[in-house]
Amino acid sequence: MGDGPLIEDFGQRIGRAMGWPPMAGRLAGVLMFSPAPMTLSELQTTLGASKGSTSETTRLLIANGTVERVKVPGVRQAGYMWRDDAWSGCLRHQLDQTEQLLELARIAQEQGRGMPEAQQARLRDMHTYYDFMVRQLRRLLDEYQGLHAG
């Protein structure tokens, strides 16, 4: 991969924009531009990072929907690669988080029924916001996936 400056710039920018630690941005940049899956050892060497840090970072990117763990033929170690549907995976992750916050808002609103009106209004606003966001994120995910169907 001779695109060092591109990978570094991509890694810094995506990491910052996604709220990831710098290491996650760098690893995302490496995998985004890698022509083939990379093992944990290869990622460690490329990034000059410890096994623990590299492993933790791959788990973060998997949880965020951008990277997947794969079996590489003829290699004992698992490989990691940028998902073909990484942007859908990223949007799905955002939707999942927002659905959890909507559920929290629902529960808090139920449990806060005896609170003063000002606090109840805050809980209603929270519920309204997350309900709106879940509906919009679902619509966006459907629309985005429709762009790639076929």
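The values are calculated or read from the model by the stated rules, or taken from the named source; none is laboratory data. None of the values given here were measured: they were computed from a predicted structure. Here the Cβ is made from the backbone with ideal geometry for all residues, glycine too, and neighbour counts use every protein chain on show. In case anyone asks, the SASA skips ligands and DNA or RNA and just uses the protein heavy atoms, side chains included. Shrake-Rupley method; radii C 1.70, N 1.55, O 1.52, S 1.80 Å.
Rounded if a/c is under 1.5, else prolate if a/b beats b/c, else oblate: with a ≥ b ≥ c from the C-alpha gyration tensor eigenvalues square-rooted, which is the chain? Cα axes put the chain in the prolate bin.
Each Lys and Arg contributes +1 and each Asp and Glu -1, all at the Cβ; summed about the Cα centre of the chain, the dipole is approximately 260 debye. Of the residues Ala78, Leu140, Gly19, the one whose Cα sits farthest toward the positive end of the charge dipole of the stretch 9-150, with +1 on the Cβ of Lys and Arg and -1 on the Cβ of Asp and Glu, is Ala78.
The residues of the chain expose, per residue, 62 Å² of accessible area to a 1.4 Å probe. With R₀ fixed at 22 Å, the C-beta to C-beta distance from Ala63 to Leu6 puts the FRET efficiency at about 0.30.
Could you please state how large a percent of the accessible area of the stretch 1-52 is carbon and sulfur, counting protein chains only and using a 1.4 Å probe? Answer for the stretch 1-52: carbon and sulfur cover 56 percent of the accessible area. Once the trypsin sites (Lys or Arg not before Pro) in DSSP loops with at most 13 neighbouring Cβ atoms within 10 Å are cut out of the chain, the longest remaining piece is 1-70. Surface composition of the stretch 79-134: carbon and sulfur atoms hold 53% of the protein heavy-atom accessible area at a 1.4 Å probe. Straightening the chain between Arg139 and Arg122 buys 3.5 nm, computed as 0.36 nm per residue apart minus the Cα-Cα spacing.
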